[in-house]
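For reference, the structure is listed below as structure tokens.
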Amino acid sequence: MHTYIIEADDITALNLKIEEIKSKIPDCDFSTYDMDEDDIYEVIDELKTVSMFDNTKVVLARNGEGLFSATGDKAFELQKTLVDTSTENVLIVAITRDYIGNELFNKIKRFSTNINLQIKNIPLDEFADREFKQDNFNVLPETINLLVQYSPDMSSLRCNIEMLKCYKWEYKSITEEDVTFMIRRPLDDNVYDIINAFIAHDRKRVFMLYDDLKTLNVHSSFLVSLLINKMIEMYNVYILAKSRVSQDEIAKIFNVKSGRAYYMIKNINKVSLNEIKNNLDELINLDYKIKSGKIQEDLGLELFLLK
């Protein structure tokens with residue numbers, strides 16, 4: 001018996017690793033269990049049962065931390081099964097949530113192959129740079145930074161990289177124009193830009209960004225909700241910044257990159273707390289009027305943005 005314990009914070013990376021393990025075992029019988037729902041004895045029986053065609057069995061236990069909740073006879077049978085050297089069956093334990101482990105986990109980990117895929121600890125720009133260089137693509141650092149801004153997580157970054165490679169495979173070069181042409185900018189970034197322009201009283205840019213969002217079929221009522229959330233965020237950042245909370249700490253609190261935290265702090269230095277409160281009150285009032293039918297949503301939002 002061989003056991004793999006994979007701790008991952010990215011589903012795409014996890015699935016790729018599972019496929020890599022399976023590829024090394026030709027003609028295997030593959031089965032999956034969810035340890036949030038399935039009984040531990042089902043996994044044990046699957047591993048102990050001989051395959052109909054005498055193939056190696058590969059058993060995947062998703063939400064694998066549930067496997068280590070076994071106690072008493074279940075824990076004993078699990079350990080006994082996993083140390084059985086008379087079988088070549090394979091157990092893959094996939095852990096995708098924060099998990100500190102327990103005594104059973106630590107025991108099994110000692111005789112397992114342990115794989116850590118904590119992608120959150122890998123800078124996305126470095127990862128993208130490696131992926132492009134692997135296929136001899138010429139991509140400037142500023143283009144990679146833009147791509148990372150357009151990719152909120154590792155899974156979307158992987159997809160965007162592959163899409164751009166296919167698009168420019170013949171030329172082996174990717175520019176910022178390629179990124180903006182091929183990849184839709186995250187809605188969150190557009191909302192930040194509208195707030196930035198609104199604070200700067202740049203009405204021309206405000207309505208240019210507003211029109212861009214309308215072409216993406218974003219309803220004004222939904223946009224009002226997003227603006228409310230961002231104003232609440234600004235209020236909280238204002239309080240934290242004035243309390244001398246550091247940029248890195250603010251980034252951790254709001255789960256954003258340090259660069260985004262820098263601009264969040266920069267924005268609140270352009271306005272007063274009263275201005276944030278007044279804008280928030282007006283948006284909440286506008287949201288109520290739209291939902292109660294007292295004002296048409298496009299008109300209401302446009303009047304607010306004209307302030």
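One table, with the values for the structure above:
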| item | result |
| --- | --- |
| Footprinting exposure proxy for Tyr263, Tyr4 (fewest neighbouring C-beta atoms within 10 Å first) | Tyr263, Tyr4 |
| Sequence ranges 149-161, 165-177, 105-117, ranked by mean other-Cβ count within 10 angstrom, highest first | 149-161, 105-117, 165-177 |
| Protection proxy ranking, peptides 222-235, 293-306, average beta carbon neighbours within 10 Å, highest first | 222-235, 293-306 |
| Tally of Lys pairs whose C-alpha atoms are under 16 Å apart, taken over segment 2-120, 8 or more apart or cross-chain | 8 |
| Within segment 72-97, backbone nitrogen closer than 20 Å to the virtual label 7 Å beyond the Cα of Lys48 toward Cβ | 72-93 |
| Residues of type lysines that Lys165 reaches as a straight line, Cα spacing below 19 Å, ignoring anything fewer than 8 places off in the same chain | Lys133 |
| Modelled FRET efficiency - R0 41 Å, Glu176 with Ile284, Cβ distances, 0.05 increments | 0.65 |
| Listed values (i) 1.10; (ii) 1.05; (iii) 0.98, entry calculated as Rg/Rh (Cα atoms, Kirkwood Rh) | (i) |
| Sequence-distant lysines (8 or more away, or on other chains) whose Cα lies within less than 23 Å of Lys291 | Lys214, Lys230, Lys277, Lys307 |
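No value in this document is a laboratory result; all are computed from the given coordinates. This one's a predicted model, so the numbers in the text were calculated from it and none came from an experiment. All Cβ positions, even for glycine, are placed from backbone atoms using ideal geometry, and neighbour counts span all protein chains on display.
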